[in-house]
Amino acid sequence: MAALTIAATVNAQTVHQMEVNTKKLGAAVQPTMYGIFFEDINFAADGGLYGELIKNRSFEFTPDHLMGWDAFGKVEIKNDGPFDKNPHYVHLTSAGHRDMWTGLQNEGYFGIGLEKDAEYKFSVWARVPDGNPQNLWIQFVDQHTMGEHQEFSTADLRIDSKDWKKYTCTIKSSRTIDKANVRILMVDDEKHRSGTGSVDLEHISLFPVDVFNGDENGMRKDLAQALADLHPGVFRFPGGCIVEGTTLETRYQWKNSVGPVENRPTNKNRWENTFTYRYYADYFQSYGLGFYEYFRLSEEIGAEPLPVLSVGLSCEFQNGSQRSDAHVPVDQLQPYIDDVLDLIEFANGDPAKNVWAKLRADMGHPAPFNLKFVAIGNEQWDAIYPENLKPFVEQVRAKYPDIKIIGTSGPDSEGKQFDYLWPEMKKLGADLVDEHFYRPETWFLSQGNRYDNYDRKGPHVFAGEYACHGRGKKWNHFNAALLEAAFMTGMERNADIVDMATYAPLFAHVDGWQWRPDMIWYDNLRSFRSCSYYVQQMFSRNKGSNVLSLTMNGKPVAGNSDQDGLFASAVFEKEDNSIIVKIVNTGDQAQAVNLNFDGLNSVSSAEVTTFNSPELTAENTLDEPEKITPKTEKVEIKGVGKKSTALAYSIPARTFAMLKIKK
Ligand code: AHR
């Protein structure tokens with residue numbers, strides 16, 4: 001155990017005197033503090049968090065309904081299937097020769113990741129139109145094997161009904177492989193020859209048996225676990241720009257994302273072609289991860305659900321902010337408003353009284369999800385936004401006065417639209433305003449005092465999307481995360497006005513990203529948590545219950561010009577009677593700090609967690625997932641007095657340090 005009169009070699013001349021007042025509890029820290037924002041960008045849903053391993057399982061991708069599939073022998077696409085919103089399916093018939101096999105092969109999302117000895121649940125809706133039973137041979141294959149057989153694990157299914165039915169089997173993988181394919185062959189009884197009959201197949205699906213929490217239609221375990229490990233206070237979903245859509249037609253419509261997965265209509269993902277340098281023609285949304293699953297996941301990870309809904313404006317980046325047919329006129333907004341009202345019923349309503357609440361119960365959750373917040377609109381701007389928002393606010397308030405409404409201040413952290421929208425949100429009586437800032441290092445360094453002078457009588461702050469875009473390429477290096485930590489001390493200090501904050505975006509597939517930095521990265525088998533993840537985790541798991549005043553020369557420590565690059569905040573945690581001080585040294589010299597805890601006269605235990613890296617631009621990777629992680633050590637505190645405790649601490653250069661002292 002180290003002794004914490006810690007005063008290692010310090011280059012700086014000044015010993016910074018910091019005063020922490022432990023006698024008076026400041027503002028309550030909202031339980032929603034430090035949350036997560038999920039958007040289906042970077043293959044975050046299909047191909048990411050959602051457990052499904054088959055791409056285009058319903059044959060609804062366009063223009064090529066066989067995208068993701070290789071078809072051989074005689075395979076036809078038909079469109080009078082059993083699911084009216086996903087009508088396409090495949091009709092397989094004998095190719096006319098016993099050695100000409102008919103079948104299909106799916107490539108998954110950048111391949112299919114399989115673990116040795118793990119079990120996978122294969123399912124398919126099928127029928128034999130002529131009534132003659134037909135055998136299917138399901139195979140896991142390695143298309144690039146040097147060995148004799150491409151298939152390495154297989155299962156058999158016998159389709160025996162003229163009517164559509166769901167057939168399932170479990171396949172245990174004999175190999176660990178990150179880019180397998182799944183092959184389905186029509187075969188005779190001995191599997192020596194091609195089948196001679198015909199069979200129709202629809203909604204072909206493969207899930208790991210071991211999904212997060214064992215849920216039906218569940219989530220990839222390592223990714224969902226990474227969310228749970230954050231202890232997030234709030235979960236914002238499903239976007240982002242996908243809420244708005246590039247067109248109104250392709251906006252996210254939550255009603256399409258609930259009910260049986262087979263009948264959730266596929267939608268094009270707006271991130272498919274937003275950036276020509278990262279173009280993915282096969283990026284669609286299956287809605288397999290839909291609003292029911294978002295609510296269920298929120299509950300499982302202990303976060304307040306925060307859905308974002310369309311305000312009847314398609315993406316203003318693409319469509320401008322003048323009235324046009326890209327935006328819904330105010331007098332035609334009722335279906336959009338109904339989407340919000342019905343969602344509140346879906347989440348909270350009584351199944352005996354409301355059809356949407358009944359659907360929730362039918363899907364397996366009779367108890368309410370206890371929704372408290374709705375955000376209406378994502379990054380909207382100009383007069384068109386408050387004009388559209390007004391009737392939403394009026395109707396939600398009238399019917400559900402307890403629901404908190406979140407408006408937006410547009411896509412910028414300051415400037416014309418921001419200055420226009422905040423007062424507009426106040427006029428409309430929004431409870432919170434969603435601010436977004438993807439900004440460079442200099443911006444983050446300059447924003448330590450951002451919230452100190454916000455109007456305390458207006459809406460509260462929801463920092464709904466933010467990330468430091470580090471120098472050079474925008475990636476998840478250590479320094480960007482460090483500056484996010486510095487900025488977050490300002491949020492923590494202003495807990496009376498900042499109620500929520502969600503870093504963005506959350507997930508990215510290494511082979512399929514469009515946007516970075518992102519909090520968690522993965523391939524088909526592995527994942528890693530970025531430096532930003534660890535910063536978020538240090539805050540969210542140590543958010544405390546109340547702010548404590550922490551000052552240096554009577555002023556907040558916010559990286560001001562006379563503060564040598566230091567940022568700091570302190571909180572008290574009622575649950576374990578602890579004081580938590582967060583200090584970020586953004587400079588390249590260690591800084592001597594003397595922490596004086598006024599009112600602290602007994603210490604039962606203490607620990608210091610430090611997060612730093614020898615290289616500022618170092619990052620965690622799939623190969624070195626834990627290269628940069630916070631390290632915690634117990635320390636002994638000397639200098640405990642009758643009325644106060646003094647603590648000398650040298651915070652190393654470029655370090656986020658957190659002291660946790662139990663009274
Ligand atoms: O997070 C990526 C995008 O950034 C979001 O969709 C949008 O809200 C913001 O512009």
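Descriptive notes on the structure:
- For residue 473, the stated conditions do not hold, so it cannot be described as modelled with pLDDT of 95 or more, among the basic types (Lys, Arg), surrounded by fewer than 19 Cβ atoms within 10 Å (Cβ to Cβ) and more than 16 Å from the ligand (Cβ to nearest atom).
- In region 290-324, residue nearest to residue 383 (Cα to Cα) [restricted to those that are touching a Ser or Thr at 6+ places or on another chain (Cβ under 8 Å) and of a type in the set (Ser, Thr, Tyr)]: 314
- Checked against (1) surrounded by fewer than 19 Cβ atoms within 10 Å (Cβ to Cβ); (2) closer than 30 Å to residue 540 by Cβ, residue 130 meets all criteria but (2).
- Single match in 602, 569 (criterion: modelled with pLDDT of 95 or more, over 29 Å from residue 509 (Cβ atoms), of a type in the set (Ser, Thr, Tyr) and not in a helix (DSSP H, G or I)): 569
- Boolean, residue 265 is surrounded by fewer than 24 Cβ atoms within 10 Å (Cβ to Cβ), in contact with a helix residue (DSSP H, G or I) (Cβ under 6 Å, 6 or more places away or on another chain) and at pLDDT 95 or above: yes
- Where residue 289 falls short, out of the listed (1) in contact (Cβ under 8 Å) with a residue 24 or more places away in the chain; (2) not in a loop (DSSP other than H, G, I, E, B): (2)
- Of all residues in region 452-470, those satisfying the criterion of being under 30 Å from residue 618 (Cβ atoms) and within 16 Å of the ligand (Cβ to nearest atom) are 463, 464, 465, 466, 467, 468, 469.
Here is a yes/no grid of residues against (1) within 16 Å of the ligand (Cβ to nearest atom); (2) among the aromatic types (Phe, Trp, Tyr); (3) farther than 30 Å from residue 414 by Cβ:
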site	(1), (2), (3)
315	yes, no, no
328	no, no, no
332	no, no, yes
365	no, no, yes
383	no, no, no
389	no, no, no
393	no, no, no
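- So residue 378, is it surrounded by 19 or more Cβ atoms within 10 Å (Cβ to Cβ), among the polar types (S, T, N, Q) and within 16 Å of the ligand (Cβ to nearest atom): yes
- Candidates 187, 211, 124, filtered to the one that is in contact with a helix residue (DSSP H, G or I) (Cβ under 9 Å, 6 or more places away or on another chain) and hydrophobic (A, V, I, L, M, F, W, C): 211
- Residues of region 638-654 satisfying the condition of being among the β-branched types (Val, Ile, Thr) and either at pLDDT 90 or above or touching an Asp or Glu at 6+ places or on another chain (Cβ under 7 Å) (or both): 645, 651
- Of residues in region 191-250 being within 16 Å of the ligand (Cβ to nearest atom) and more than 24 Å from residue 302 (Cα to Cα), the one surrounded by the fewest Cβ atoms within 10 Å (Cβ to Cβ): 247
- Residues that are touching a helix residue (DSSP H, G or I) at 6+ places or on another chain (Cβ under 8 Å) and polar (S, T, N, Q) within region 442-464 comprise 447, 449, listed in sequence order.
- Pair list, Cβ < 9 Å and 6+ apart or interchain, from region 457-469 residues that are closer than 15 Å to residue 486 by Cα and among the aromatic types (Phe, Trp, Tyr) to residues that are away from the ligand (no atom under 13 Å from the Cβ) and assigned to a strand (DSSP E or B): 466/501
The values are calculated or read from the model by the stated rules, or taken from the named source; none is laboratory data. Small disclaimer: the values here were computed from a predicted structure and weren't measured. For neighbour counting, all protein chains shown are included, and Cβ atoms are generated from backbone atoms with ideal geometry for every residue, glycine included.
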